[in-house]
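*Asks:* Structure below; questions to follow.
The values are calculated or read from the model by the stated rules, or taken from the named source; none is laboratory data. Keep in mind the model is a prediction, meaning the values are calculated, not measured. Virtual Cβ from ideal backbone geometry, glycine too; neighbours counted across all protein chains shown. Heads up: the accessible areas ignore ligands, DNA and RNA and are worked out on the full protein's heavy atoms, side chains in. Shrake-Rupley method; radii C 1.70, N 1.55, O 1.52, S 1.80 Å.
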Amino acid sequence: MFKYSFDFKFKAVKYVVYGKHSYREAARKFNVHQEQIRVWTNRYKTYGKNGLIPKPIQKYDGKFKVDVVEYMYANHLSFEKTAIHFGLPSSTDVVLWKQMYDEKGAQYLLNNRNIAIDRVRVNRVKKKKNKQNTNSNTSIKSTSKSSLKSDKSNEELLKEIEDLRMENDYLKKLQALVQKRTSQQKKKKH
């Protein structure tokens, strides 16, 4: 279920905190990225052993998301420090909430849209777009005209386009991070 066990994390943190080793040395010894070691160490310093216990995925209401982002801005905190302050399992949620807050405003977060559902919808729309792009220009024009004639108003369509662009940007950034991580892991193996 979780990638790293509590015992593994605790050994790595002890190696840094009590062994006076650097994050880089611990990363080499435990074959984990040094940024991950740093995160575990900060969580340990803040919460003790409880900071290393894996937490299940939770859903948060819109007000909480807005409060997190606004607290981060007001106190000039990093994503990780904000996540630690609010006891979030990782900073990934904070990154996503900030992006939504910046691009769509607080009201978008307050609506408490389910991000996972949005991602599924985006993937379906992308697949449809890819199929449409293989057709000729005339069929694309007729498809876009027919979509405008649907039940959706122009305002709804513009909002949907804006949502899709934001999700697309997020997915591109996520893919780049995954590729970077896999290339780093390949380099470590060689």
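*Asks:* If I ask for residues that are in a loop (DSSP other than H, G, I, E, B) and modelled with pLDDT of 80 or more, which ones from the stretch 99-126 would you list?
*Replies:* G105
*Asks:* Consider K55 carefully, then state whether it is touching a residue at least 12 places away in the same chain (Cβ under 8 Å), open to solvent by less than 20 Å² (accessible area, probe 1.4 Å) and within 20 Å of the chain's Cα centre (by Cα).
*Replies:* No; evaluated as a whole, the condition is false for this residue.
*Asks:* Here's a follow-up. Looking for whichever is loosely packed, with under 14 Cβ neighbours inside 10 Å and either free of Cβ contacts under 8 Å to residues at least 12 places away in the same chain or under 30 Å from K159 (Cβ atoms) (or both) here; the options are D67, D93, D102. Which one fits?
*Replies:* D102
*Asks:* Can you find even one residue in the stretch 54-68 that is touching a Gly at 6+ places or on another chain (Cβ under 7 Å) and assigned to a helix (DSSP H, G or I)?
*Replies:* No; the residues of the stretch 54-68 include none that is touching a Gly at 6+ places or on another chain (Cβ under 7 Å) and assigned to a helix (DSSP H, G or I).
*Asks:* Related question: Somewhere in the stretch 88-98, is a residue farther than 27 Å from A12 by Cβ, in a helix (DSSP H, G or I), touching a Phe, Trp or Tyr at 6+ places or on another chain (Cβ under 8 Å) and modelled with pLDDT of 85 or more?
*Replies:* Checked the stretch 88-98: at least one residue is farther than 27 Å from A12 by Cβ, in a helix (DSSP H, G or I), touching a Phe, Trp or Tyr at 6+ places or on another chain (Cβ under 8 Å) and modelled with pLDDT of 85 or more.
*Asks:* Would you pick out the residues in the stretch 70-80 that are under 30 Å from D7 (Cβ atoms) and crowded, with 18+ Cβ neighbours inside 10 Å?
*Replies:* Those that are under 30 Å from D7 (Cβ atoms) and crowded, with 18+ Cβ neighbours inside 10 Å: F79, E80.
*Asks:* Step by step: first the residues of the stretch 19-52, then only those that are among the aliphatic types (A, V, I, L, M) and over 22 Å from the mean Cα position of the chain (by Cα), then the one that is surrounded by the fewest Cβ atoms within 10 Å (Cβ to Cβ). Which residue is that?
*Replies:* A27
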